[in-house]
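A short worksheet on the structure shown next.
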């Protein structure tokens, strides 16, 4: 008999029972084929280097000590000593677009991610869905013999695909990474993270001394060691993207103490000090100017002594968080050296995916997610003991003034794609085996979309015309390899546009035209202005002679400004850039919840993205759990949404008493608790909320019932439009941080028949 898939002959297996003996006899197999099929695998080009790309989060140009900042960054120092510093490298001004451009080598709008995932719209360049014609570098390297891994922040999965129902095609493991260990959204709690291993939620109880960045580094090192030990012929690609220094600012306590009292001088003085160090270190030219503080930002001296104490503490949190993260990057470098792989590793360390974040508000915040909704947290409540502000007990973010201070010497901050404070980030590139100008400085214009072309050139892998049968869009970035040997080489990335939330600019051959919309990044709930983009005032800068974008030449060079405006329009058209503001009308996407008003869940339903869970936040609703308590009692979570920052949970406490807990950031807390433990047997636990107020976040009355009998009631003065970026909806346990007084995951020790949620 012949196998239709090949020439292998199959001998018939004949058997018979020997009479009386019950034994099986087998006939001899046919002779093997003359030639066995050859099994091959794709190998990387000979001598191809390992690749490590590190991308920090929300770190401005003037934060890291390597570039003159106040925060010690010895790992970055060491890599800069072994490689090159780039002082004219750029990102997109916000998280998701930078990551899309970094991983695809294309402009972010062209890749379909022109805005942060949380504000994606229905327009083609802003949908928050990576296009198939812009394959990731992980996909390309994986198809060319590399092992690939991603660690930490992803922020490239659409909300409607961020659950255990999938699809998983846009998760890291669906986008070309063999290994993923990290979180899907824009941020997570560093002590109780919402974490995934591949596509599987990681459920763990918070352990003493645990910190996510340390966990990531340990696992990344172990993965590299395994790859080298098991398959040394296969180079590896590591994408390491920690949550730091994005809020919440959560450094280990020991690191926080290192910066005690280091920022009592305030942000105005800090900026001057940083500027002087930058000039002395040569990372900015001697003729650079220090741009002034925006009028909307308060002077440090205008703060009260109490405000200064609290604000200084918030900056200590940020500095400690950044320093601790740099130390974890150092563990990657040390591991490469121990493995004798450091010399042949291209190590790219990008210090921030945008400029420093001013989203903590003018006064800073102990719970900034509330501040983003106009709920200003009272950080001054810490009074004379600001040391109580720590990484472990708050969800803090520093003042907008510190963001401006750590973006020295540039104007503005994250979100502002019109100015360098939003888009210029330090970058260090080391490859000891190849780079000869150790410790050199490079000032050619570079962009985050240049990293993929650089990787392809140094590995000897051509950009594919097609990936998985899909014709690919050409790369927008330019390889930086030309700059390795020549500090004075003519720059090759001649033109680059920027656009985020209507803030926009265009760089072309040393000149930059910029249009700022007027909404400061710390302003919330401001009115959208779609109708007047043509009325925006444009500025013009000669960056060849004006490193810090400090002198506006628009009035002096109107013809050149018009040319650049026209060039921006051309680039916008070619890349699906459409000037608009995200509104409910253009943010319509698939929803797992849909228009349903009744939902039934069972134990095992976990890790559902907040936007895809029943929206109980701003309307009347009921949550009903049918459960069975075994002999000896039960405790644990029945249903929960959100986490430490804000959220709710329905659970039995350690004594078996039913509890409903709601936390609305620092603005509102309600705890409804029964009087007695639930006896063994079946029960129905129900929470009901009835709105009594008006507006987008109305208050109301809540009551808790056990087997139809009310056991507690309370009032809520207001609700919220959202709880978190990364926390989830869970049944039977809590996969992230806790909105209540238990320690996650706190699994229910009885049995759950079902949990029903009704939107009324």
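Coordinate-derived values only; no laboratory data. Keep in mind the model is a prediction, meaning the values are calculated, not measured. Here the Cβ is made from the backbone with ideal geometry for all residues, glycine too, and neighbour counts use every protein chain on show.
Using a cutoff of 8 angstrom between alpha carbon atoms and counting only pairs six or more residues apart, the relative contact order for segment 598-759 works out to 38 percent.
Extension gain for the segment residue 563 to residue 654, taken as residue separation times 0.36 nm less the Cα-Cα distance, is 25.9 nm to one decimal. Note on residue 226 and residue 482: their simple-model spin labels are 4.1 nm apart, each label 7 Å out from Cα toward Cβ. Expressed to the nearest 5 percent, the antiparallel share of DSSP beta bridges inside segment 598-759 is 100 percent. Extension gain for residue 555-residue 281 works out to 95.3 nm (0.36 nm per residue, less the C-alpha to C-alpha distance).
The packing ranking of peptides 662-671, 401-410, highest mean first, is 401-410, 662-671, where packing means the average number of other beta carbon atoms within 10 angstrom of each residue. The listed peptides 92-98, 213-219, ordered by packing as a protection proxy, come out as 92-98, 213-219 (highest mean of other Cβ atoms within 10 Å first).
Pull up the DSSP beta bridges for the chain and report the antiparallel fraction as a percent, rounded to 5. Walk me through the intermediate numbers first.
Numbers: 95 of 123 bridges.
So the antiparallel bridges amount to about 75 percent of the total.
Mind checking the log10 I(q)/I(0) for the chain at q = 0.08, 0.11 Å⁻¹? Debye, one equal scatterer per Cα, no solvent, two decimals. Results for the chain at q = 0.08, 0.11 Å⁻¹ read -0.68, -1.19.
So how much slack lies between residue 470 and residue 703, counting 0.36 nm per residue of separation and subtracting their Cα-Cα distance, in nm? Walk me through the intermediate numbers first.
Values: separation 233, 0.36 × 233 = 83.88 nm, distance 5.52 nm.
Full extension of this stretch gives 78.4 nm more.
For a test of the definition: using alpha carbon positions, the gyration tensor, and the 1.5 limit on a/c, classify segment 257-315 as rounded, prolate or oblate.
Values: a/c = 3.68, a/b = 1.51, b/c = 2.43.
Taking the square roots of the gyration eigenvalues as a ≥ b ≥ c, segment 257-315 is oblate.
Secondary-structure-derived ellipticity at 222 nm for the chain, considering helices only, amounts to -5500 deg cm²/dmol, per-run term -39500 (n - 2.57) for DSSP H runs with n ≥ 4.
Using Cα centres only, tell me the gap between segment 690-760 and segment 598-666 in whole Å. Comparing the Cα centres of segment 690-760 and segment 598-666, I get a distance of 5 Å. Based on C-alpha pairs under 8 angstrom that are at least 6 apart in sequence, segment 118-246 has a relative contact order of 29 percent. Summarising the label geometry, the points placed 7 Å from Cα in the beta-carbon direction at residue 586 and residue 132 lie 2.7 nm from one another. Here segment 598-759 was treated as a single set of alpha-carbon atoms; its pair distances binned every 10 Å from 0 give 12, 45, 36, 7, 0 percent.
Students often check this: by mean Cβ neighbours within 10 Å, which of 190-202, 633-645 ranks highest, and how do the rest follow? All intermediate terms of the calculation are to be shown ahead of the outcome.
Working: 190-202: 20.0, 633-645: 24.9.
By packing density, highest mean first, the sequence is 633-645, 190-202.
For a quick check: sort 283, 684 by the number of other beta carbons within 10 angstrom, fewest at the front.
Details: 283 23, 684 14.
Ascending number of Cβ neighbours within 10 Å: 684, 283.
Give the relative contact order (percent, whole number) for the chain; include only Cα pairs under 8 Å separated by 6+ residues.
17
Ranked for footprinting exposure by Cβ neighbours inside 10 Å, fewest first, 389, 441, 652, 249 give 441, 389, 652, 249.
What shape does segment 198-289 have by the C-alpha gyration tensor, where a ≥ b ≥ c are the square roots of the eigenvalues, rounded means a/c under 1.5, and otherwise prolate means a/b greater than b/c and oblate the rest?
On the way: a/c = 3.22, a/b = 1.61, b/c = 2.01.
Note, shape of segment 198-289 comes out oblate.
Among rounded, prolate and oblate, which fits segment 617-712 when a ≥ b ≥ c are the square roots of the eigenvalues of its C-alpha gyration tensor, a/c under 1.5 means rounded, and a/b larger than b/c means prolate?
prolate
Applying Stokes-Einstein at 20 °C and 1.002 mPa s to the Kirkwood radius of segment 422-579, computed over alpha-carbon pairs, gives a translational diffusion coefficient of 118 µm² s⁻¹. The label-point distance for residue 669 and residue 257, in a model that sets each label 7 Å from Cα toward Cβ, rounds to 2.7 nm. For segment 401-470 versus segment 113-162, the spacing of their alpha-carbon centroids is 18 Å.
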